[in-house]
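Structure record follows, encoded as structure tokens.
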Amino acid sequence: MGKKYTDSAKMIDKSKFYEPAEALDLVCKTSKAKFDETIELHIRLGVDSRHADQQVRGAVVLPNGTGKNVKVLVFAKGDNVQKALDAGADYAGGAEYAEKIQTENWFDFDVVVASPDMMGVIGKLGKILGPKGLMPSPKAGTVTPDVARAVSEAKAGKVEYRLDKTNIIHCPIGKASFGTEKLAENFNTLVGAVIKAKPAAAKGQYIKSCVIASTMGPGIKVNQAKLG
């Protein structure tokens with residue numbers, strides 16, 4: 001561990017569960033890297049992702065964005081190509097981009113949007129895009145006839161949340177430079193969306209644990225009892 005990490009760790013009581021505002025204030029103070037660190041939220045849920053009826057997945061637009069310049073690739077045809085580009089898409093087209101991904105291992109994008117009539121093309125990319133979390137889906141709003149709106153939302157700071165194999169959601173909520181207030185707004189929006197997405201099949205305590213951390217900093221435990 002580096003000196004900055006060690007210094008930051010001294011500021012945190014590892015046995016304590018902090019209130020959200022206090023945890024966000026601390027995470028900003030412990031972000032000491034030379035770059036603007038991303039603040040991430042890690043939420044462990046009391047569900048079993050192996051069961052289809054206990055999946056938790058969705059997307060939400062963070063009120064203050066993510067602080068990242070998101071590059072968007074849109075699979076579309078006809079008028080939708082120009083609509084996507086007008087909305088701010090970095091790339092828009094069809095099979096030529098699928099081929100570029102397959103043959104050149106090209107990944108100069110952060111979000112993939114597709115119109116429903118392009119799913120034949122997109123389907124072939126499942127094994128490549130899926131493991132990277134880039135596969136578009138109707139649930140996340142990235143498979144849609146309204147590609148322009150999906151592009152605008154992605155550029156505005158829409159984030160997708162989904163369970164990993166250990167039933168944890170990992171999601172960015174902004175940058176250290178945002179400060180406590182803006183991060184709190186994003187935090188509340190994301191946590192609210194996750195609570196709203198609680199499956200009917202989930203039993204017992206839903207939010208098992210919640211940790212906030214910066215890119216290079218130590219994790220800070222949040223008092224999940226107050227989250228729902």
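The values are calculated or read from the model by the stated rules, or taken from the named source; none is laboratory data. What you see is a predicted model, and the numbers here were worked out from it, not measured in a lab. Here the Cβ is made from the backbone with ideal geometry for all residues, glycine too, and neighbour counts use every protein chain on show. Accessible surface is based on the protein model in full, side chains and every heavy atom, while ligands, DNA and RNA are left aside. Shrake-Rupley method; radii C 1.70, N 1.55, O 1.52, S 1.80 Å.
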Would it be correct to say that ASP110 is in contact with a Lys or Arg (Cβ under 8 Å, 6 or more places away or on another chain), under 26 Å from ASN188 (Cβ atoms) and without any contact (Cβ under 8 Å) to a residue 60 or more places away in the chain? yes
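Results for (1) modelled with pLDDT of 95 or more; (2) closer than 18 Å to GLY67 by Cβ; (3) more than 14 Å from the chain's Cα centre (by Cα); (4) of a type in the set (Val, Ile, Thr), shown as yes or no for each residue.
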site	(1), (2), (3), (4)
ALA114	yes, no, yes, no
LYS132	no, no, no, no
ALA140	no, no, no, no
THR144	yes, no, yes, yes
VAL159	no, yes, no, yes
Lone qualifier among ALA154, ALA148 - being hydrophobic (A, V, I, L, M, F, W, C), open to solvent by 10 Å² or more (accessible area, probe 1.4 Å) and either part of a helix (DSSP H, G or I) or in contact (Cβ under 8 Å) with a residue 60 or more places away in the chain (or both): ALA148
Can you name every residue in the stretch 185-228 that is crowded, with 18+ Cβ neighbours inside 10 Å, among the aliphatic types (A, V, I, L, M) and part of a helix (DSSP H, G or I)? LEU190, VAL191, ALA193, VAL194
In this structure, is ALA89 modelled with pLDDT of 95 or more and surrounded by 21 or more Cβ atoms within 10 Å (Cβ to Cβ)? yes
Going through the stretch 59-84 one residue at a time, which ones are over 14 Å from the mean Cα position of the chain (by Cα) and crowded, with 18+ Cβ neighbours inside 10 Å? VAL72, LEU73, VAL74, PHE75, ALA76, ASN80, VAL81, LYS83, ALA84
Considering only the stretch 10-54, how many residues are open to solvent by less than 30 Å² (accessible area, probe 1.4 Å), closer than 25 Å to ILE207 by Cα and among the small types (Gly, Ala, Ser)? 3
Within the stretch 157-184, restricting to residues that are among the aliphatic types (A, V, I, L, M) and part of a strand (DSSP E or B), the one that is farthest from ALA59 (Cα to Cα) is ILE168
